[in-house]
Structure formats: C-alpha cells, structure tokens
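Let me begin by presenting the structure, written as structure tokens, before commenting on it.
The values are calculated or read from the model by the stated rules, or taken from the named source; none is laboratory data. Computed from a prediction, not measured in an experiment: that's the story for all the values here. SASA here: full protein model, heavy atoms, side chains in, ligands and nucleic acids out. Shrake-Rupley method; radii C 1.70, N 1.55, O 1.52, S 1.80 Å.
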Amino acid sequence: ESVRSLKDRQPKEIKKFRNICGRLVNDERVQAFIVFLIVANAIMMGVATFDFVTEDPEVLEIFEKIDMAFLYIFTIELALQFIYHLWHLFTNGWLLFDFIIIMMSWIFSDVQIIRAFRIF
C-alpha cells in the first residue's frame, strides 16, 4: 500500500497530533530559533578548538555538555519533522541531509568533524 493511503486511514486524533507537530516545528519563529542554535553551535565548535578549552578538562566538559544539548534539541526538531512528514521526510533533500547528519552525530559522537556538519 502507498504511504498516502496509510495516512488517509489514520484516526483523526493521530492526524490532528501530526498537524500540531508540523505547525509547531515549521513555525517561522521555531525555524528562526533553530537557525540561531545552528549559528551558536558553529561558534561554540570553533571556540572549542582553542587551547583554553582543550587544555582545561572542566571547560572542555562544559563545552561537551553544551554540544550534547544542541544535539538533543536538533534531534527533537527532527523527530517532530518525522512525526509530521512520516516517510516523506526522506523525499526532502534538506530534511534527509539533516537526518543523516544527526544520526551520524549520535553514532560517531566522539568525532568532531561529523558534528561540524550540523552547522549546514
């Protein structure tokens, strides 16, 4: 069966929930906030390469916790997109790219270069 026919057979409560998720995550204010977080994450990742961060375990731990907070937020945003779009998420180039980068960030959380792709 096609994805479209499966979506049509959903109970109206599920459709309503999916639409609420879609309106929330695609609201221009939420998207502006996500862009702000992407820029802040990029700046933090750049600053994290400085000696005062890399050579101080306490500061490095703070930066790592902040980086994980960004990853949690980006994961929640992606989950809301998936709830709204279902499998159609994978037909949108940007959302597919986002999915790949976020999944790779979780899988290779110790590899800085993968996390750097989240700034795109």
Next item on the list: Please compute P(r) over all alpha-carbon pairs of region 24-91, binned at 10 Å starting from zero, and give each bin as a whole-number percent.
Entry: 19, 39, 26, 14, 3
Notebook entry, point to check: More than 22 Å apart: what percent of Cα pairs in the chain qualify?
Noted result: 43
Check: Taking all protein chains as present, what is the carbon and sulfur share of the accessible area of the chain, in % to the nearest whole number, probe 1.4 Å?
Finding: 69
Next item on the list: Show which aspartates and glutamates lie in cross-link reach of LYS16 when reach means a straight Cα distance below 13 angstrom and same-chain residues fewer than eight apart are skipped.
Entry: ASP8
